[in-house]
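The next block holds one structure in the form of structure tokens; read it before the comments.
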Amino acid sequence: MKIKTKNAKETRAFAQKLAKDFVEKRGPLILALSGDLGTGKTTFTQSFAKALGVKKRILSPTFLIMKRFPLKMSNFQNLYHLDAYRIKAPDLKKLNVEDVFKGQNIVLIEWADRVKEILPKGTIWIRFEHGKGENERQITIN
């Protein structure tokens, strides 16, 4: 599936629609986000979380690596936001991230291509790319 967004507002709307499509599913749900810097991974994550009722401000957890947000308005218990920009798969394994990949959790991983070898089967890959226009984005879901 390929989506083209013309600006950040459309990227946010797409993320919210996707979150609402997943809200009734059963976990775990792993979304692996990949793409160059500034292509919309964090914008997508912020809107996805907001659509699931997360009230806290979502920032890219580059220095924290992983952040947990309890969920109340879906079949999922938690939303985990991971940023793999500064970490390698073996280091992430030491943090017992594989436990997070189980149960009723949604896990959004920015820079997921850097840790792909530890991601479980069934992970949904979402690739973000710059479009032709300055604010245009090409989003591909596999």
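Just so it is clear, none of the values below were taken in a lab; they were calculated from the coordinates. Bear in mind the structure is a predicted one, so any value in this text is a computation, not a measurement. Here Cβ is always computed from backbone atoms with ideal geometry, including for glycine, and neighbour counts include all displayed protein chains.
The separation of the stretch 28-69 from the stretch 74-117, counted between C-alpha centres, amounts to 11 Å.
Please give the length that would be gained between K20 and I3 if that part of the chain were fully extended, namely 0.36 nm times their separation in residues minus their C-alpha to C-alpha distance (nm, one decimal). Could you put the intermediate results ahead of the total?
On the way: separation 17, 0.36 × 17 = 6.12 nm, distance 1.68 nm.
Roughly 4.4 nm would be gained on extension.
Working from label points 7 Å from Cα in the Cα-to-Cβ sense, the A13 to E134 distance is 2.1 nm. Here's the list of lysines a cross-link from K116 could span, going by alpha-carbon distance under 18 Å and ignoring same-chain residues fewer than 8 apart: K41, K88, K93, K94, K102.
Taking other C-beta atoms within 10 angstrom as a stand-in for reagent exposure, T43, T140 fall in the order T140, T43, fewest first.
Below 11 angstrom from the Cβ of L52, what's the summed charge of the other residues (Lys, Arg +1; Asp, Glu -1)? Can you show the working numbers first?
On the way: positive: K20, K50, K55, K72; negative: none.
Combined, the nearby Lys, Arg, Asp and Glu give +4.
Summing charges over neighbours of Y85, with a neighbour being any other residue whose Cβ is under 9 Å away from its Cβ, gives 0 when K and R count +1 and D and E count -1.
Out of [x] -0.25, -0.60, -0.97; [y] -0.31, -0.69, -1.04; [z] -0.19, -0.51, -1.01, which label holds the value of log10 I(q)/I(0) by the Debye sum over Cα atoms at q = 0.08, 0.13, 0.18 Å⁻¹ that was computed here? Recomputing log10 I(q)/I(0) by the Debye sum over Cα atoms at q = 0.08, 0.13, 0.18 Å⁻¹ here picks out [z].
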